[in-house]
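I have placed the structure first, in the form of structure tokens, so that the comments after it can refer back to it.
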Protein chains: 2
Amino acid sequence: MNKKISIKKIAELSGVSVATVSRVINNNGRFSEETRKKVLKVIRENNYQTNNVAKSLRMHKSYTVGILVPDITNPFFSNTVQIIEKNLFEKGYSTIICNTARSRDKELEYVKILESKIVDGLIVISGFKTFDRKNLPDDLPVICIDRSPADSTIAFVGSDHYEGAVMATEFLLAETENLAIVKHDEQSSSGSERVRGFEETLFKEKVEKFGSLIVSNGSQNDQQKQIKKFLQDEMNGSKQPLGVFALSDTLAANILLVAHDLSIKVPKQLKIMGFDDSPIASYCSPQLTTIRQNEILLAKEASGKLIKLMNGENLARDEIVKKIPVQLIVRGTT
Amino acid sequence: MNKKISIKKIAELSGVSVATVSRVINNNGRFSEETRKKVLKVIRENNYQTNNVAKSLRMHKSYTVGILVPDITNPFFSNTVQIIEKNLFEKGYSTIICNTARSRDKELEYVKILESKIVDGLIVISGFKTFDRKNLPDDLPVICIDRSPADSTIAFVGSDHYEGAVMATEFLLAETENLAIVKHDEQSSSGSERVRGFEETLFKEKVEKFGSLIVSNGSQNDQQKQIKKFLQDEMNGSKQPLGVFALSDTLAANILLVAHDLSIKVPKQLKIMGFDDSPIASYCSPQLTTIRQNEILLAKEASGKLIKLMNGENLARDEIVKKIPVQLIVRGTT
DNA sequence: ACTGTCTGAGTAAACGTTTACGCAAGGAGG
DNA sequence: CCTCCTTGCGTAAACGTTTACTCAGACAGT
């Protein structure tokens, strides 16, 4: 923060009052063409820039929105955030990105800080189930993304994970009836939806038995060990190829690596389906078949809704919850 | 932004003046223990939060720093940014992350916005060569990262790309004298350093001939086509294995994929060295040998220096430019 | 010539803080 | 009892804007 030339100085230099300068700047109220030119000239010459802190204070509007993201290192999140940021920027808002590191405490702390910086709105990616209005000023516009909040008054946008899992499962099922699902340790709401899609599809298609592995969080090496054991058990003596639905691309990629290690032929003996279409999906060999989330649409919906709320409009009943369709990307592992 | 309870209200409710409330809040100036308790109680009961916009205005200090990043989707950047954000947060600063999308215009526009929001400092990742003080208030603390600015008065922190390339080249050279380098289209300062490290090492070791490919930006498929042609030419009739130094991990990963496609054995016939140790490096098969940048140290240096500057301290002469050592990670492709 | 409207522009309050300054009360020291 | 210091706290200015009021002068209509 530094000493800069203020509107007062500009007023002085152009021989008018601050009010007039303000009116010229915002093109608001009455002033003559002559003064306009004069003031603008002085502004240009002195490289004047509005002090938005003062403006925010006076106007009760900061043109800043906060965005809470659990881990900006995750490609899906960073992608989504990047697009949201771009959309909001085009509407004149800047974005404070806060990395909550999946910590409830940090999330709360950030909410406080953002609140005190008087953001005009908030986007929350993958907040905790417990995320609700209680800790927020009631009139602060909020949009949740990816993980739906317990508080159903908060608008929500997320991919249709259930439908994605159904598509994935149907696709695998067309190739083999010997299926397995591999999940992460911690379950998010999106994760559960994917599991539900898988299980319900099997139920519907009357496939009764399927393998299941929960990979506990750890180093890549750890995870591979767990997968190795599972794969060895699972592939043992089965005549049909195994089709595995991995709940994320990293999981899928690790499965693929282990398969190579065990000299299991992919996709002949083992078919792998990922989820997300993260960058690694394209750099595996063979490349991963996966379900792609539409980050562009997701971001568009989220930022559009937030803008709407910040403009004081209300969301229609059917706008509160929005499911974004996903897409099956068939590549080498199936 | 919304109507919230202000210090005035708190003063009223506790029967003291705003000045006293402020003094209690900031634990600054004189007040009795009794008033302290009383005021704090009212504050708690009414869930009062300081309005930091007003505070910033009055104090000329916003406890906010801006960070310009060319592409938050890039794992190296997002990692670095994430750590910087964490470091600054611990010191009480929040961070506005701005995605400049590698556009000079957007960069300038963001600088203006940040300036008008009166940030206390600025971190610029990979700005343009032309980035300099001219467009900035002279007393705004700035740190550049990764790509060194033309303006040598701006402090800079970056990996030792030159040394990394030397290590990479020496390592490849120990296995084969038949080398090639594969680079990206657009050259950054870090890219040039890597090239220089490669070439000077070859010169020093008296290796005179080496292959070279510039992959022009395009889809993954496009890039692979260019690589395929190059690899076919290069591998044709050579008895020695080919060692290629790819200037990034994505390049390396694509080379690996093409090699599989052409049934070239890695690392027997072809040895591949990447750069960055990005996530995909660990998900290739075999996993990429690569040079890892130390994002933690990088971020620590950058945020530390910025804090120092924001505290009004000066940087010692030898602190202006800081090179962070890199590390050779030997894995499956060599 | 009187009234009314319009135009251009200034005055001052307000946004929510922090803090320099001042002052009353109380106690200590002579 | 007078002086002086200390303590606790209030008053008011200041940070840089925006904007509701106000008002003088110009001009038009009667």
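The values are calculated or read from the model by the stated rules, or taken from the named source; none is laboratory data. Quick caveat, the model's predicted, so the values are computed rather than measured. Glycine gets a Cβ as well: all are built from the backbone with ideal geometry, and neighbour counts include every protein chain shown. The area values use the complete protein model at the heavy-atom level, side chains included, leaving out ligands, DNA and RNA. Shrake-Rupley method; radii C 1.70, N 1.55, O 1.52, S 1.80 Å.
Computed quantities for the displayed model
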| item | result |
| --- | --- |
| Filtered residues of segment A:294-320 (kept if more than 16 Å from A:Pro141 (Cβ to Cβ) and open to solvent by 50 Å² or more (accessible area, probe 1.4 Å)) | A:Asn294, A:Ile296, A:Leu297, A:Lys300, A:Arg317, A:Asp318 |
| Segment B:1-17, residues that are touching a Lys or Arg at 6+ places or on another chain (Cβ under 9 Å) and more than 13 Å from DNA strand D (Cβ to nearest atom) | B:Met1 |
| Of residues in segment B:39-56 being within 13 Å of chain A (Cβ to nearest Cβ) and aliphatic (A, V, I, L, M), the one farthest from DNA strand D (Cβ to nearest atom) | B:Val53 |
| Selection from segment A:19-44 of residues that are within 6 Å of DNA strand C (Cβ to nearest atom), of a type in the set (Ser, Thr, Tyr) and under 46 Å from the mean Cα position of the chain (by Cα) | A:Thr20 |
| Residue match in segment A:117-132 (condition: surrounded by fewer than 19 Cβ atoms within 10 Å (Cβ to Cβ) and either under 21 Å from B:Gly92 (Cα atoms) or more than 19 Å from the chain's Cα centre (by Cα) (or both)) | no |
| Per-region count, segment A:17-30, residues more than 14 Å from chain B (Cβ to nearest Cβ) and either among the hydroxyl-bearing types (Ser, Thr, Tyr) or touching a residue at least 12 places away in the same chain (Cβ under 8 Å) (or both) | 5 |
| Members of segment A:18-35 found to be assigned to a helix (DSSP H, G or I), more than 8 Å from DNA strand D (Cβ to nearest atom) and either open to solvent by 80 Å² or more (accessible area, probe 1.4 Å) or under 29 Å from B:Asp120 (Cα atoms) (or both), listed by number | A:Val24, A:Glu33, A:Glu34 |
| Single unsatisfied condition, A:Ser14 versus (1) within 30 Å of B:Glu295 (Cα to Cα); (2) in contact (Cβ under 8 Å) with a residue 24 or more places away in the chain; (3) polar (S, T, N, Q) | (1) |
| B:Ser6 vs. criteria within 13 Å of DNA strand C (Cβ to nearest atom), within 20 Å of A:Ser62 (Cβ to Cβ), more than 8 Å from chain A (Cβ to nearest Cβ) and surrounded by 15 or more Cβ atoms within 10 Å (Cβ to Cβ) | yes |
| Subset of segment B:59-78 [touching a residue at least 60 places away in the same chain (Cβ under 8 Å) and open to solvent by 40 Å² or more (accessible area, probe 1.4 Å)] | B:Pro75 |
| Test for A:Val81: is it more than 16 Å from DNA strand D (Cβ to nearest atom) and buried (at least 20 other Cβ atoms within 10 Å of the Cβ) | yes |
